[in-house]
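Here the structure comes first, spelled out in structure tokens, and everything after it is commentary.
The values are calculated or read from the model by the stated rules, or taken from the named source; none is laboratory data. Note that the structure is a prediction, hence the values are computed from the model and not measured. As a convention, Cβ positions derive from the backbone with ideal geometry for all residues, glycine included, and neighbour counts pool all protein chains shown. With ligands, DNA and RNA removed, areas are computed over all heavy atoms of the protein, side chains included. Shrake-Rupley method; radii C 1.70, N 1.55, O 1.52, S 1.80 Å.
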Amino acid sequence: MRLRLGIAYDGSGFAGWARQPGLRTVQGTVEEALTTALRASEPVRLAVAGRTDAGVHARGQVAHADVPAGAWHALAARGDDVAVRRLAGLLPADVRVHEVDVAPDGFDARWSALSRTYAYRVSDRPGGADPLLRSHVLHHTGPRNAPLDAEAMNAAASSLLGEHDFASFCRRREGSSTVRTLLELRWSREAGTGLLVMHVRADAFCHSMVRALVGVLLPVGDGRRPVDWPGGVLARVRREPDAEVAPAIGLCLEHVEYPPDGE
């Protein structure tokens, strides 16, 4: 039986999503808890919508697991949300499974996804980021602690929308394509906090792509680069040392979109 899981985590204390020997990872932590919760005779393994890097956070991560039907029915028979409640007691405080359901026919957490949405949060306060948000926000200002220019960053972002070869923004993997379709890329001020937030949505992302997009747009916002520079980086179709990759700290996977269950 295939289960669909909705997962959230603070990535600060994890070496990324993917299970790695000797390292604390989100996948390894959730798999161990799920195996225990189901009293499964074999380790439960997860497949995920997006394999986040070390330090990257998630509110809307989605994974699936194939588990023995009898083990699931025995657990589910104990009441609504019993799986969520049992996992809450088994998982550490920095990761939560907030939804466990039987997946619709044909569902695959990775391959069924229509798009992924990430947010990257930046504080440009002269005195630094709010200390209560220090694990989730990058502090970055312009010369003489000037605020970032969101309008300029949005103008620069417009040249990156659509289907392109994003090799300039990706860490290449053997046999993998770097062609992606960027559906949305915009910066806005978050009400209440004053944070500058980049929302980015694509059919899929290659390794380090979102942080590389942030890395080329921040220099436009702080005045170090002209508005047309990110478009020029894209046109090179290769990684260049002058196009930096932003730190993981401000990045969060917000949402994964799927077709309706009936489809």
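Quick notes on this structure:
- Principal axis dimensions, largest first and in whole angstrom, of the range 1-100 by Cα: 37, 24, 22
- Global form of the range 107-153, assessed from the alpha-carbon gyration tensor, a/c cut-off 1.5: oblate
- Farthest toward positive dipole pole in the range 1-148 [+1 Lys/Arg, -1 Asp/Glu at C-beta], among Tyr118, Pro147, Ala88: Pro147
- Cα gyration tensor shape for the range 41-196, rounded if a/c is under 1.5, else prolate or oblate: oblate
- Positive end of the dipole of the range 1-72 (Cβ unit charges, origin at the Cα centre): among Pro43, Gly28, Ala58, the Cα lying farthest that way belongs to Ala58.
- The range 28-72, dipole about Cα centre (Lys/Arg Cβ +1, Asp/Glu Cβ -1), debye to the nearest 20: 120 debye
- Placing +1 on the Cβ of every Lys and Arg and -1 on the Cβ of every Asp and Glu, with no other charges, gives the range 164-263 a dipole of roughly 460 debye about its Cα centre.
- Over all Cα atoms in the range 138-227, the spread is summed up by Rg and Dmax: 13.9, 45 Å.
- Within the accessible area of the chain (1.4 Å probe), percent carbon and sulfur: 50 percent
- Selected from Leu148, Leu23, Leu34 as most flexible by GNM, with the chain as the system and alpha-carbon contacts under 10 Å: Leu23
- Under a Gaussian network description of the chain, with springs only between Cα atoms under 10 Å, the residue in Glu174, Glu163, Glu190 that fluctuates furthest is Glu174.
- Helix-only arithmetic for the chain: the sum of -39500 (n - 2.57) across DSSP H runs with n ≥ 4, divided by the residue total, places the mean residue ellipticity at 222 nm at -6500 deg cm²/dmol.
- Accessible area per residue for the chain, computed on protein heavy atoms with a 1.4 Å probe, is 48 Å².
- Part-to-part distance (alpha-carbon centres) for the range 133-176 and the range 204-224, which is given in Å: 2 Å
- Taking the chain, the Cys residues with no second Cys beta-carbon under 4.7 angstrom are Cys252.
- Dipole in debye (nearest 20) - the chain, about Cα centre, beta carbon charges: Lys, Arg +1; Asp, Glu -1: 640 debye
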